[in-house]
Amino acid sequence: LEAEAGIVGVDKEAATVEQSQPVKAGKVFTRYWLSKNATFDSSTEAPMREGLMSLEEVIKLAPEVYGYESSVFFDKHDDPSLFPVAAVSIEGELEIRRSGPYQMTIKPTPPREVGGAGNVEVSLEVAIGDEKPFTMPFSKKLASQQKAIRLKAGRQPLRIKIVARSPGFGPSPTRTQVYIGLQAEGEITSTPISSYLTGQH
C-alpha cells in the first residue's frame, strides 16, 4: 500500500521530542473501502486497499491517498451514484509519554456543494485499549467536538473507523476529511493524533 501511494518513511532524526509526545511515529495497518452498498458492512466487504502506511495529520477518504491512480478528469470512484460509501479503518498504537488528562478534538469535514449545504454523512469511532472514548453516529455537521479523557503513560492499542456515505447524488463521500487531535494538560493547542502513534516500522 505505501509503495503504491508513494509514501516515504518518517525522518526519525527530525522528530521533535516533547514530554507528552512519542519519540517517533510508526506506520499503522490501514484498510480502505469504496462500496456500492449504501448499507456498508466492513466485516463482509473486502477492502479496496490494505497495508501499512503513515497516518497524515488529517485523515482523508480520497482513493488516491491509498494508492489508486487515475488519469481521467472525472473518475468513476468519485461518482456517489456508483460508490455511495467511502470508509477507512486504522489500527496502531498510541505512545503516551505522560499520564494525565487529555482533550480529544474531532473535526469532521464532509464535502459541501459550492455555496450550499452538503448531504454526505460521516460516522466515526475511536477506541483506545478496551475503551471507546469517542463515537459519533452519522452526521452532516462540520462542528468540532471535544471529549475529556485520561490516558496512562505507555503504549496502548488505537483503532479508528470512519465511514462517509452519500444518498447517491451531490458531493462524493471520497472528499471527506477528518482531523483527530490530542491536547495534553498544559498544552495550548491540539496535536494531531498521528504525532502520538507508534507502530510497525
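The values are calculated or read from the model by the stated rules, or taken from the named source; none is laboratory data. Because the structure is predicted, anything quoted here is derived from the model rather than measured. All Cβ positions, even for glycine, are placed from backbone atoms using ideal geometry, and neighbour counts span all protein chains on display. Surface areas here come from the heavy atoms of the whole protein model, side chains and all, with no ligands, DNA or RNA. Shrake-Rupley method; radii C 1.70, N 1.55, O 1.52, S 1.80 Å.
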Within the stretch 149-161, the residues that are touching an Asp or Glu at 6+ places or on another chain (Cβ under 8 Å) and surrounded by 12 or more Cβ atoms within 10 Å (Cβ to Cβ) are ARG155, GLN156, PRO157, LEU158, ARG159, ILE160, LYS161
**Request:** Kindly indicate whether ALA62 is among the aliphatic types (A, V, I, L, M) and exposed (fewer than 14 other Cβ atoms within 10 Å of the Cβ).
**Result:** no
Conditions (1) outside any strand (DSSP E or B); (2) open to solvent by 20 Å² or more (accessible area, probe 1.4 Å) -> TYR179 fails only (1)
Note on the stretch 97-128: residues open to solvent by 20 Å² or more (accessible area, probe 1.4 Å), in contact (Cβ under 8 Å) with a residue 12 or more places away in the chain and assigned to a loop (DSSP other than H, G, I, E, B) are ARG97, ARG98, SER99, ARG112, GLU113, ALA117, ASN119
Matching residues in the stretch 69-83 (at pLDDT below 90 and either aliphatic (A, V, I, L, M) or in contact with a strand residue (DSSP E or B) (Cβ under 7 Å, 6 or more places away or on another chain) (or both)) number 2
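Yes/no per residue for (1) modelled with pLDDT under 95; (2) among the basic types (Lys, Arg); (3) not in a loop (DSSP other than H, G, I, E, B):
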{"site": "GLU4", "(1), (2), (3)": "yes, no, yes"}
{"site": "VAL10", "(1), (2), (3)": "yes, no, no"}
{"site": "LYS24", "(1), (2), (3)": "yes, yes, no"}
{"site": "THR30", "(1), (2), (3)": "no, no, yes"}
{"site": "TRP33", "(1), (2), (3)": "no, no, yes"}
{"site": "ALA38", "(1), (2), (3)": "yes, no, no"}
{"site": "GLU56", "(1), (2), (3)": "yes, no, no"}
{"site": "ILE59", "(1), (2), (3)": "no, no, yes"}
Is at least one residue of the stretch 37-56 in contact (Cβ under 8 Å) with a residue 24 or more places away in the chain, within 15 Å of GLY170 (Cβ to Cβ) and crowded, with 21+ Cβ neighbours inside 10 Å?
no
Filter the stretch 129-148 for residues that are open to solvent by less than 80 Å² (accessible area, probe 1.4 Å) and not in a strand (DSSP E or B); the one that is farthest from PRO80 (Cα to Cα) is GLY129
